[in-house]
Each structure stands twice: as C-alpha cells, then as structure tokens.
Amino acid sequence: MSASLRSAFRLAVFCLSSGAVLGACSKAPEEPEFDHGLKKPLVRKLREELAETPCDKAKAQQLAQLLLDTGDLKGLTRVTDAFGEKCGPNIVLLQLAYTANARAGEKELALKSATALVTAQPDNASYHVWRGLSLEALARTEEAAADFQKAFDLQPGQRPILNALVKTYDALGKPCEALAAYQRFVENAKPSEAKSAEVQGQLQERAAKTSCPARETVTPEAAAKP
C-alpha cells in the first residue's frame, strides 16, 4: 500500500473511532495524486504556468497530451473542462478528451466531448461520427442514427460512414432507409468503391428483400436549373 493510501486509511479509521466529531472527518479523503512517472516535473511545471496564464492554448494542449500519454484520464478531463470554462472550447483539447474517454470506456464523458466538438464545428462529419459512436455505446440508437445520417449527408461517398449508418438502421428495423443509403453511396462514391462486388451485392440483396417507395434521383443538370 502506498504512503498516500495508508494515510487515507488511517484518517478513515480515526474518524470512525472518534465518532466523526472532528470537522476534518466530515470531508472525504483526498484522492491520491496520479503518478506521472518521469513526466511528473514537466506536468507540475505546466500546471503552474497555466495557473498564471490559464488561456495559454499551447501549454494547455501540451499538458493535455502529457496527461493522455501517462494515462491520467481524470486529469486530462479537468484540464479540458477548466480551459473551456475560462477560455472557450479548444478543438485539440476536446479531441484528446474524446480519445482518452472513448479508449477508457467512459461513455458519458466521451459523449460530452463529442457533443462539444459538434457544437464547435457542426459541419465536420468526423465529429458527428464520434458522437454517433458514443450514443451507440450508450444504446441510444435512434440518436446515433441521426448523427450518422448527418455525417453521411456531409460526406455521402465515405464507406465507413455508410457502414455505421446502415448498422444503426438495421438495428432500428429500417430497411428502406438502409437501402436508400446504399443507393446514395453508389451515386457519390469513387467508381472503384461504388462498383465493388460487396457494395453491389448488398444493394441487390437489400432491394430484393424490401418493397420501398421509389427514390428520386436528382441529376446534376436538374440541380443546376433555377
């Protein structure tokens, strides 16, 4: 047991034996400081400098990257939140926070970071995908489909986005929406992707299994008309 944990344990025992009448015993023991190993001096230095200049973007990003590298997920989240509250959202910090929380399975925190990214850059398809993945992990499939659909609207020729979107539509029992996504992908993807055996096979199989309303296709010439 580390020294900090032994200290916290002794405090808990003392409070119980004293009937918890002391003011100090009304507070929960402080969480042990994270061990940043060889990076500890640099982490401390950056924290001290940010205390003086809290909106120094470069230092905040450097600290956040260090915390991610050393596995200090909570510390990274605190840096991101503190910077956002004082200085406004920072895309790099939010990206790091999302990455760390997603890796650690912190679903709600990952969703929080992804939502902040979508708010900051609503036309970035990747951020809608990230939020969709976070929502999907929380079994909020309908909302995930909406984000994947938005990402697909922004980039209809991207196969990974198509796969994520179709997966949610299949889970929701929406075969016509899934088929429409494949049809739109074929119209917008690179010919090598659109004509691939897998895509064409899925398109034909889904069309054969469903009876969906005819989908209107807008030609470039028609779209150009006033």
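The values are calculated or read from the model by the stated rules, or taken from the named source; none is laboratory data. Note that this is a predicted model, so its numbers are computed, not measured. Cβ: placed from backbone, ideal geometry, glycine included. Neighbour counts: every protein chain shown. Areas reflect the complete protein model, heavy atoms only, side chains present, ligands, DNA and RNA absent. Shrake-Rupley method; radii C 1.70, N 1.55, O 1.52, S 1.80 Å.
Fully extending the segment from LYS57 to LEU172 would add 37.2 nm, taking 0.36 nm per residue of separation and subtracting the current Cα-Cα distance.
Counting only protein heavy atoms, what percent of the accessible surface of the range 135-216 is carbon or sulfur at a 1.4 Å probe? Numbers along the way, then the final one.
Values: 2290 of 4610 Å².
Here it works out to 50 percent.
In the context of the full set of protein chains, the range 73-226 has a per residue accessible area of 56 Å² (1.4 Å probe). The modelled label-to-label distance for the pair LYS39/GLU193, using points 7 Å beyond Cα in the direction of Cβ, is 3.4 nm.
Taking 0.36 nm per residue of sequence separation and removing the Cα-Cα distance, the LYS86/GLU205 pair yields an extension gain of 37.5 nm.
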